[in-house]
Structures are given as C-alpha cells and as structure tokens.
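Notes to accompany the following structure.
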Amino acid sequence: MKLSRISLALVPLLTAFSATAAVYQVAELEPNTISKATFAAALNDQGDAIVTGQGYTQLTVRDGLTTRVVNIVNFIDFPLDGSTIDFESDAIKAILTEEQIADAKLGIYDATVLNILSVVLAASPDKRNQPVGEAVAISLPANGMPVAISLRDVNQLRGNSEYVYDINEQGVAVGIATAPSSKQEFTTTPDPDAEDADSQEPETFTVWQPEPGFQYGVAVTSNGPVNLLPPYTEMGGGFSQAFAINSQNLIAGSGSVALDDDIKTELAALCTGASEPAVYCLNRQHESRTLSFFDLKSQIVRNQTIVIPESYSERAVLWQLQADGSATVSQTFGFLGEKGTGLAYEAAEDESEIRYASAATAVNDNGIAVGYSIFSDSDRSILFLDSLGRQFRRAYVAPHATLYQDGEATGMVDPAQWLASIATDINNNNIATGYAIKTINGSRRDKFFYYDVAAATVVFPTDFFVSSSSVATDINDNGQIVGRAEIIIGGTTDRRQHGFVYDMTSDTFQDLNTLVGCNADFTIVDARAINNNGEILATVLKSLPQLDAKGQPILDESGNPQLVEQAKAVKLLPIANGEPDNCNTEQDTYERKAGGLGSLGLLLLVGFGALYRRRR
C-alpha cells in the first residue's frame, strides 16, 4: 500500500514504531484533529481504514481499596455552544473564575475552560443541556488525510454517538448513529389533573431536541449518508443497526419489526409532551429498553439466563443499497427459538414471557449472514438471585450464534455445552468465526471458534491457556482470524488483553505482540480487522504526549510534553519473509516493555473494543 503524505512525514516517528526483525511492521495512522483516542474498526483490501474516535467516556479508577469515577471528553475542539449554559449557576461559579465566565459568555474558551464545560455537560445529560456524544467515525484512506465521517450528525455538532463497523471494496462504510439534536423552543403544558393545576403556568425554554429514531444503522457512500430505516417505525421512529456490508452492497444488521399494543399504551402515557418533548421521552425510553449483545452477555455471566425488556421486537435484517443511493429491506429473519425450532415458547400463566430477538453481524458475497439470536429451553431451569438477593427460577434463555441462510435461522454452537455465543464474521469461503461463553475454573470465559457452513461443524482452537478468554472479530478469505485474548503478565496473576492472529491452515495461534519485535514500546491490545493481503487493523496502547481540549501538548514544569497511555489505531503490515524476533529474555513470554492494559482495558469494556454496546 502507498503511505499518505501525512504518513511519509511521520517516517522518523515510525522508525520507533517498527522493528528490524519481525513479522509485521507497525504503521501509525495518526495524527488526526478529531479525537485524542482512536480504536480500530475495519479495513478493506485497498488499505482504506475506518476507526472510531472516542468522545465522552467514564472510567472507574481503582487506587488501592478505593475507586472513583473519572469523566473524560476526548474530542478535539468540541463545538461548545454556550448559549444554553447557565453561567450564573452555583455549579459553574464553583469551577470557573469570574474572568473565565465573562470570556465564556462571549464564546471565548481556552483549553482548560473548554475541557471543564464539555465534561460538565457530558456528565449531566438533560434536555436543556447541549449533548456530548461518545464516538465519532473517522475515515483513514490509504492515500488521503484523516477525515470525520458524518452518519447522522451532518452539522458535526458531536452531540450524538456514531460508530463505524465495516467498509467494503467500493469504499462504502456502515455503522450506527444515535439521534442528533438541535436547539428548539419548548413550552410546557400544565397538568389539568394536578392538585395545583390552577396555579401552574406554561413555561417556555430552550431544549436540545433529538430527531426521531434513537438509533439507526447508516451507510455512507460517496454521495453521503443513507439511513437504514427498519421495517417498523411507529411510536418513536423505530431503531436499526448496521454491522457489515459485502461487495454487492448488501448490509447486515437488525431493526424493529413490531411493538406490542400494551407497550404503546404505556409509552403514550409516559411521553405526553407536557413537560418535555415527546420525541425526547420516546428516544430515552426506547434506548433504556434496548439491549445489546454485551448487555445480554452480562446477564448470562451473572445469572446464566436473560430477560429482555418490553420494547420494540428486534429481528435480523439485510438491506440492499440501490444504485440511486437509497436502501431497501431485502430480507428479515427469525430466531433460534425454543430448543432451536424457530418457534416461540408459549409461557404458562405462572411463567414469565420469553421475548425473542435476532441480529445479523456479517454477510459474505454469497449472501450468507451470521450473527446471534435468542435460544430458549423451557425444560432447563436456572436458579438465580435478583438485585435484592431473592431467589428465582427461570427457563434457560440466551443469545447464541446463528446462521442466516435460505430464509432460515440455524444454530452453530451447542447450547448444552455453552452458555451463550455469537458469530462475528463470515468469509467468502463460507467459514464463520465468533466466540462462545462457558464456565471454566469457576469463572465465565469466552472462547473463539470457527464454523464451516458446508460441513456444519464448529472448531474451538487452542488459545493461550485453558482459562484464557479469547474473542474473534474478523476472518479473511485465507482463513486468518484476528481478535483479542487474555494473557498473564510474567511474574503476576494479572490478566491483560493482547491482540492475536490465528491461521486455520497451520493451526497456529500467535500473540501479535511477539511478531513486531522486542523493542516495541506499545502493546497491541485488540486486532479488529484483517484483509486478504494479510494487513491487520489493530488498537495499541502507547505512551504519547497528553493533549489538551484543543489538541495541543500539555507541558510539564520543565517544558517537556507530559506522557499518558493512550489508545491508537494502527496498521500491521506483513514483512516479506519476516521472522519473529528472538528477544532472549528469561521473563515470561507475555511480559513486554509497554506493560499491561492500563486504562485501555476500561475503555474496551465500555464499547470501543467490542462489537456491541449499550447504544450499539
């Protein structure tokens, strides 16, 4: 691949980011002027990459026996709108000086004030406050400069969250985006049934009102973004998500297909539009009731079964992107259902209703899709405790890896052996990959697998060690699988995540950190994508100059840049006839200079290293 002009300018820097004896050369894709932290997303055969730039996030920092929550906004030059900030509030006066407040009222913010105000807004979501998004999509073409991709945020206000997941050979990217907001005037309506109804007066104030559809899948073409509308859009616009696109512009994801009448009645009573815009209320309600795979997985880890809240019915959907730029629903799929029959279990009066769902996470050029859907077994009773410590029994219900072919949803992993599972990708040879969850040595662990569609067989390769969790994220047409897996730092019992590559042909599983040379001053913590040239898009943790809210280095008392561990997306480029470096160390194989996962482990847990998250 050709390096862009900005990459060529970084050749001196890349010298420290490469290795003389290694299997891969590491090429940094930055800098960008959009976000201080980037996470790998997808890579096509042309070398075009897409990454997710982090916006707002919360970290739980542990210091000995104490923990504290730290709010961070990693957007560079967040477009702060001071017109809706109450600068006379005691909270603002407590953190800003009179001079800073006077300047801020005029729209003048230095980096310190910009950081403070953006964090305050992000940590205080409210209809009156400017929203701060959690993510922005960034394109890194092989021969171009980094540029933000607008999914729904066409005005680039950074108030919504936009994630990219895939890019095809035509350069069409797909992802998900929450609803962008705009300033609107809103007038309350007094409640006629309230005791003080006679004394209530309508109040008019400025709100940040979101668009309908709390979350949509989006395809971004050379002509701009296209919302992938779901089959059902009543009562709030519905929701959809897009995770993959093949070379024929067939898009895999899921969307809303129905909403029960009793839920409609409940939402209508809650979201009257009297005290807040109805669309604001509906979006909030639907978002809180919609669960990602990782929400479901968390329930499995705790209880070995799941409960899906009452909201939109979700089904796996394939959309076809048309030549005129529009997108139409091509096909919807069902779910595994009761004991894999594809049918819903009819609960008795004394039993809880089981809600079913499905989602497609990938589709290959043969039109075969994979993902996950809900499986149930009413004969398998699970005992669990609720949040109050009360004991309950419930039928086994869990998400499981699902093959979508010829209109049918078929299981891929034995639910009797695995608590839950998901298929994350499928190549053009009809080999899928994913991971499943089971109890190993008393703890829930992930184990990656590959699945041969033609043979209907699943294989769980050997990873680092028996109780290591391993998650596969991508597979190319050469049978190379990448992902992340747990290692143990030498001389400790601490677990950390390292990126891995597995080759089906040779049955070799390798830590990518052992393939980039001994002197590497970074840790590869996740391998997100691998193209058919063997190039890998990964996320590394590296000590880099700490940047302020305007993207400028923060200096110490001596005038030197302060360093901080930061997440960065990078490419791993195969070296012809490359061989692993012999480090000649007596330390544990997995103990490296860059140390452990540090803060990135927390970042990964909140979504950037994972395919699915709360807001998908």
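Residues Trp418, Trp319, Trp208, ranked from the fewest to the most other C-beta atoms within 10 Å, line up as Trp418, Trp208, Trp319.
For the set Lys542/Lys571; Lys297/Lys571; Lys447/Lys571; Lys127/Lys550; Lys93/Lys550; Lys127/Lys183, the pairs lying more than 18 angstrom apart at their alpha carbons are Lys297/Lys571; Lys447/Lys571; Lys127/Lys550; Lys93/Lys550. Rounded to the nearest 20, the size of the Cβ-charge dipole of the chain about its Cα centre is 1360 debye, with Lys and Arg at +1 and Asp and Glu at -1. Given the options Ala137, Leu270, Gln510, identify the residue whose Cα lies farthest towards the positive end of the charge dipole of the chain (+1 on Cβ of Lys, Arg; -1 on Cβ of Asp, Glu). It is Gln510. Take the alpha carbon gyration tensor of the stretch 412-538, find the square roots of its eigenvalues, order them as a ≥ b ≥ c, and report rounded if a/c is under 1.5; if not, report prolate when a/b exceeds b/c, else oblate. Verdict is oblate for the stretch 412-538. Remark: relative contact order (the chain) = 14 percent; criterion is Cα-Cα distance under 8 angstrom and separation of 6 or more residues. Over the Cα atoms of the stretch 292-404, the radius of gyration divided by the Kirkwood radius equals 1.06; this is the Rg/Rh ratio.
In plain terms, the chain from Ala91 to Arg302 could stretch by 72.1 nm, reckoned as 0.36 nm per residue minus the Cα-Cα distance. Modelled this way, with points 7 Å down the Cα-to-C-beta line, the labels at Ser543 and Leu563 are 0.3 nm from one another. Of Tyr356, Gly367, Ile92, which is farthest on the positive side of the dipole of the chain, counting Cα position, with +1 on Lys and Arg Cβ, -1 on Asp and Glu Cβ, and the Cα centre as origin? The listed residue farthest towards the positive side: Gly367.
By the helix-only formula, in which each DSSP H run with n ≥ 4 contributes -39500 (n - 2.57) and the sum is divided by residues, the chain has a 222 nm mean residue ellipticity of -3500 deg cm²/dmol. Binning the alpha carbon pair distances of the stretch 316-371 at 10 angstrom intervals from zero yields the distribution 20, 37, 25, 14, 4, 0, expressed in whole percent. With a Förster radius of 41 Å applied to the beta-carbon distance between Ala416 and Glu310, the computed FRET efficiency rounds to 0.90.
Globularity index of the stretch 511-571 is 1.40 (Cα radius of gyration / 2.2 N^0.38 Å, N = number of residues). Charging the Cβ of each Asp and Glu at -1 and of each Lys and Arg at +1, and nothing else, the dipole of the stretch 155-195 about its Cα centre rounds to 300 debye. Once the gyration tensor of the Cα atoms in the chain is diagonalised, the equivalent ellipsoid follows with semi-axes of 37, 34, 24 Å, ordered largest first. Sorting Cys271, Cys518 from the fewest to the most surrounding beta carbons within 10 angstrom yields Cys518, Cys271. In plain terms, the chain from Thr505 to Ala456 could stretch by 15.8 nm, reckoned as 0.36 nm per residue minus the Cα-Cα distance.
Could you tell me how far the Cα centroid of the stretch 26-42 sits from the Cα centroid of the stretch 496-552, in Å? Between the Cα centres of the stretch 496-552 and the stretch 26-42 lies a distance of 13 Å. The stretch 101-147 and the stretch 380-411 have Cα centres spaced 40 Å apart. Only the Cβ atoms of Lys and Arg (+1) and of Asp and Glu (-1) were treated as charged; on that basis the dipole of the stretch 383-497 about its Cα centre amounts to roughly 700 debye. A dipole drawn for the chain from +1 and -1 charges on Cβ atoms has a positive end, and of Ser470, Ile382, Ser150 the residue lying farthest that way is Ser470.
With neighbour counts taken as other beta-carbon atoms within 10 Å, the residues Phe205, Phe460, Phe75 rank, fewest first, as Phe205, Phe460, Phe75. With R₀ fixed at 25 Å, the C-beta to C-beta distance from Gln248 to Gln156 puts the FRET efficiency at about 0.25. For the stretch 233-355, a/c is not less than 1.5, where a ≥ b ≥ c are the root eigenvalues of the C-alpha gyration tensor, and a/b does not top b/c. That puts it in the oblate class. The stretch between Asn143 and Ser288 holds 48.1 nm of extra length on full extension. This uses 0.36 nm per residue minus the Cα-Cα distance.
Working note: Karplus 6.51/-1.76/1.60 with θ = phi - 60° gives the stretch 31-37 the couplings x, 10, 10, 10, 9, 7, 10 Hz, where Gly and Pro are set to x.
How many angstrom lie between the Cα centre of the stretch 46-95 and the Cα centre of the stretch 260-299? Comparing the Cα centres of the stretch 46-95 and the stretch 260-299, I get a distance of 25 Å. Summarising the label geometry, the points placed 7 Å from Cα in the beta-carbon direction at Thr328 and Glu99 lie 6.5 nm from one another. Here the label points at Gln170 and Asp379, each 7 Å from Cα along the C-beta direction, are separated by 4.8 nm in the simple model.
FYI, it's all coordinate maths here, none of it is from the lab. Predicted, not measured: the structure shown is a model, and the values here were computed from it. Because the Cβ atoms are built from the backbone with ideal geometry, glycine has one as well, and the counts that use them run over all protein chains shown.
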